[in-house]
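These notes are about the structure you will find just below.
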Amino acid sequence: MLLLFIIYIAFISLGLPDAVLGSSWPIMKNDLNASLEFAGVISLIISAGTVLSSLYVTKAIHYFGIGKVVALSVLLTAIALFGFSMSNIAWALVFLAIPLGVGAGAVDAALNNFVALHYRAKHMNYLHSFWGVGATAGPLLMANYLALKDGWRDGYMTIAIVQFLLVILLFASLPLWKKFVISSVRSNETNTPLVTNASALKMKGVPLQLAVFFSYCSIEMSTGLWAASYLTTERNILPVDAAFWVAMYYLGITVGRFACGVIAEKVTEETLIRSGVVIILFGCILLALLFSDELAKIGLILIGLGCAPIFPNTIQMTPKRFGSSASQAIIGLSMATAYIGIMVVPPILGFTAEILTFASFPMILLLLAGIILLTTERLRRYHSTFLR
């Protein structure tokens, strides 16, 4: 249980910096003489680093072990965040975004696979709800500093210190990781050859899983990025109120994942995933209804609740569907595909909304949700065939 506790802390830490750039950038850009849109460049580089590390984490774990990979990856993020706090020019953030993305991607892919292999489904759902705790706490922490002169620097420094403390904890826990892995190998696993990304891509069902992650993360990020704009432009809701309902959307994800953890022992992962997709579809329909702003707000919360079970439970099902020897490669590919969706779809959606108005926003979300429903149902049927 001690190792699981450390993993939970690591996921809170993983979420801490995720939403901080957006909340601090309005002030940061003035201090660094940067444009408003330059934050998009930094975010893009972070995502690219995450894609890169997700693709190579399988080899890294094979040669160095998961404990060292996680500890060194968190060290990369800590150094990058410390660099953010000390930066005097905006372009320095572009270079620091590389280790920030690489470190975060490696931790994400490595820990997701480790929990999927060694722990029950409820722990996977709790794990991702703890990411939500970190993603919520980061902006709140930064908000406490922004009122002060150069407060954003102190905010980043505080988060960097938290990361450095976690690095110390992770290096101290290396014997725990080693002992756990050796024990697992002796009890129920055998030494198997490394499954490469190329080999994993050829496995039946893997392209379907990649489509799930691409579409799901496109919905999650696009909703978080554009929902407030949709509510203000199409519904004439005040920006402050719109921001509140976007926060409720994220709260829906976090609370939903805690709830999934509670019921995971009684409900199968596939049922949780299917229920989540149906809730998203219903939420998108409510969001599109032009005659009621209240229903639109409820729809936004439902989209968050529906998002809650899809990511963690699809990860949890990966070893069962494709085998434990291939799961790390497939989860790495899934993380990479997810971040490609995050990089590509939200800008396209914003461009489309500019041409067609934001009224198209819920329709695009509905289309992506339909793709998730189709691919998850095909994966479910494939899994049933695989088990026979």
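The values are calculated or read from the model by the stated rules, or taken from the named source; none is laboratory data. It should be emphasised that the depicted structure is a prediction, and the values quoted were computed from it without experimental measurement. Positions of Cβ are generated from backbone atoms using ideal geometry, with glycine treated the same way; all protein chains shown enter the neighbour counts. Only protein heavy atoms, including side chains, enter the accessible area calculation; ligands, DNA and RNA are left aside. Shrake-Rupley method; radii C 1.70, N 1.55, O 1.52, S 1.80 Å.
Say we join alpha carbon atoms closer than 10 Å with springs in a Gaussian network model of the chain; which of 169, 14, 333 then has the biggest fluctuation?
Largest GNM mean-square fluctuation: 169.
Could you tell me which of 13, 205, 285 has its Cα farthest along the dipole of the chain towards the positive end, charges placed at Cβ (Lys, Arg +1; Asp, Glu -1), taken about the Cα centre?
About the Cα centre, the residue reaching furthest to the positive side is 205.
For the chain, which whole-number percentage of the solvent-accessible area (1.4 Å probe, protein heavy atoms only) is attributable to carbon and sulfur atoms?
Its accessible area is 70 percent carbon and sulfur atoms.
Could you pull out the longest piece of the chain with no exposed loop chymotrypsin sites (Phe, Trp or Tyr not before Pro) in it, calling a site exposed if DSSP puts it outside H, G, I, E, B and it has at most 16 other Cβ atoms within 10 Å?
120-290
Determine the dipole magnitude for the chain: charges of +1 sit on the beta-carbon of Lys and Arg, -1 on that of Asp and Glu, nothing else is charged, the reference point is the Cα centre, and the result goes in debye to the nearest 20.
Values: 23 positive and 17 negative charges, 309 e Å.
Computed charge dipole of the chain: roughly 1480 debye.
Rolling a 1.4 Å sphere over the protein heavy atoms, what is the accessible area per residue of the stretch 266-309, to the nearest Å²?
Heavy-atom accessible area per residue stands at 43 Å².
My understanding is that a pair violates if its Cα-Cα distance is over 31 Å; which of 202/297; 59/204; 29/59; 179/202 do that in this structure?
Result: 202/297; 29/59; 179/202 exceed 31 Å.
Which residue, chosen from 105, 28, 361, occupies the Cα position most advanced towards the positive end of the dipole of the chain, where the dipole is computed from +1 (Lys, Arg) and -1 (Asp, Glu) charges on Cβ about the Cα centre?
With unit charges placed on the Cβ atoms, the residue in question is 105.
Could you state the accessible area per residue of the stretch 192-257 in Å², with a 1.4 Å probe and every protein chain left in place?
Per residue, the stretch 192-257 has an accessible area of 44 Å².
Tally Lys/Arg at +1 and Asp/Glu at -1 over every other residue whose Cβ is under 11 Å from the Cβ of residue 245; what's the total?
Taking every Cβ under 11 Å from that of residue 245, the sum is -1.
Longest segment of the chain with no GluC sites (Glu not before Pro) in a DSSP loop having at most 11 other Cβ atoms within 10 Å?
38-264
If all Cα-Cα distances of the chain are sorted into 10 Å bins from 0 onward, what percent lands in each bin, rounded to whole numbers?
5, 23, 34, 26, 10, 2, 0
Using the beta-carbon distance between residue 140 and residue 238 and R0 = 30 Å, what value does 1/(1 + (r/R0)^6) give for FRET efficiency, to the nearest 0.05?
Calculated value: 0.90.
Calculate one ³J(HN,Hα) per residue across the stretch 70-77 by plugging θ = phi - 60° into the Karplus curve 6.51 cos²θ - 1.76 cosθ + 1.60, and present them in order as whole Hz with x for glycine and proline.
The phi angles translate into 5, 4, 5, 5, 5, 4, 4, 5 Hz.
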